[in-house]
Amino acid sequence: MNESILQSDYRNWLVGLKSTIKQRQIKAALSVNSELIRLYWDMGRQIVEKQQNTSWGSGFIDQLSKDLKEEFPQMKGFSRSNLFAIKKFYLFHNSATGIVHQVDGQLENEINLRQNVQSNNESLELCAQIPWMHNVLIIEKINEPKEAKYYLEQTIANNWSRSVLEYQIETDLYHRQGKAITNFKLTLPSVESDLASALLKDPYNFDFLTLSTNVKEQELEEKLVQHITQFLLELGKGFAYMGRQFKFVVGGKEFKTDLLFYHTRLKCYIIIELKLSGFEPEHLGKLNFYLTAINEMVKAEDDKPTIGILLCKHKNDVVVDFALKDINKPMGVSNFTYKELSLEIKNALPTIQQFTEQLNIE
């Protein structure tokens, strides 16, 4: 350990830091998470500044961890690994975002300073609204500041648990959200159009399913309903499941939609049709017919027009965009993915009945 960290400047700084922590402990009794994040932010700033402006060396974090744990044995968060996470947390939301711009130790200009302080404050306010381990997950998994801000905002808006946040990051929600091809700008009022567009993804990730390569559309539909909790998580906030194979009769003939939902924010019904084939323009004609039926037979007077979502195994974006141009009902088209299990492997696996019989024999 560098002997210089035992000198009076380190000891004086440590006394001040301990005093700050004690003051935050009192505030933390009223607002635990927010004050904890603000404490960690301030600690990260001080650690970065001390390492830049002193000769204490890298070993001073080990010494700091030891000193803080001795002073605050009842508090968690002062381990060596967490202090490094605190340092990384501060650096990510400052240096990585361009908040610190320096030339020869001086800020580039006053305009940059004002912009950087504002950005700094915005980042801290977002971070303070989610738990510490959520923040750690974001800085571990994300490299781009804009993407990190997106996950911070979505976590706050949707009250995601850490496991849900991790799922959304691992399935790359940032690059999928709002990417579906739609005609919403032509068929919905601007506010509803923007909200509806933001809700749709491309592709939808159904990797919570494992299906054979020759799966039928009905089987896919059944599996999605069987895993409705994960399906609703993938669809996003506001989707309420109304049923599958929803029946209606037109001209004495019975028809069925694949999946029917109601969206609590858009205040409208949403039909989801599944196609294991590639996109074909005629798919929209069938969906258009279903939208008319739901609007006429199911929709209440105060409901907004029903929206259709067509999910295909694959699509040509140019063809989809061209096919949507002259359709006057709101529709969106996206791809979907799932885990494929080859037919040979599936056939080699025992059925539930075979597995049960084997257990009974044993």
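Points worth noting:
- Top-ranked residue of region 288-311 - restricted to ones that are of a type in the set (A, V, I, L, M, F, W, C) and surrounded by 21 or more Cβ atoms within 10 Å (Cβ to Cβ), ranked as farthest from L188 (Cα to Cα): L311
- Within region 210-226, the set of residues being of a type in the set (K, R) and surrounded by 15 or more Cβ atoms within 10 Å (Cβ to Cβ) comprises K223 only.
- The residue that is surrounded by the fewest Cβ atoms within 10 Å (Cβ to Cβ), among those in region 243-265 that are over 17 Å from L310 (Cα atoms) and under 30 Å from the mean Cα position of the chain (by Cα), is T264.
- Taken over region 276-286, the criterion of being surrounded by 13 or more Cβ atoms within 10 Å (Cβ to Cβ), touching a helix residue (DSSP H, G or I) at 6+ places or on another chain (Cβ under 6 Å) and at pLDDT 95 or above is satisfied by F279, L284.
- Within the set T187, T155, T171, T182, the sole residue that is among the polar types (S, T, N, Q), over 21 Å from L311 (Cβ atoms), buried (at least 17 other Cβ atoms within 10 Å of the Cβ) and out of contact with any Phe, Trp or Tyr (no Cβ under 9 Å at 6 or more places or on another chain) turns out to be T155.
- Cross-chain or 6+ apart pairs with Cβ under 8 Å, region 223-247 first and free of Cβ contacts under 8 Å to residues at least 12 places away in the same chain, then hydroxyl-bearing (S, T, Y) and surrounded by 14 or more Cβ atoms within 10 Å (Cβ to Cβ): L232/Y241
- Scanning region 266-275 for residues that are assigned to a strand (DSSP E or B) and hydrophobic (A, V, I, L, M, F, W, C), we see that the one that is surrounded by the most Cβ atoms within 10 Å (Cβ to Cβ) is I270.
- Meets criteria (more than 22 Å from P330 (Cα to Cα), in contact with an Asp or Glu (Cβ under 6 Å, 6 or more places away or on another chain) and surrounded by fewer than 19 Cβ atoms within 10 Å (Cβ to Cβ)) for T229: no
- A count restricted to region 8-49 and to residues that are at pLDDT below 65 and surrounded by fewer than 16 Cβ atoms within 10 Å (Cβ to Cβ) stands at 5.
The values are calculated or read from the model by the stated rules, or taken from the named source; none is laboratory data. None of the values given here were measured: they were computed from a predicted structure. Glycine gets a Cβ as well: all are built from the backbone with ideal geometry, and neighbour counts include every protein chain shown.
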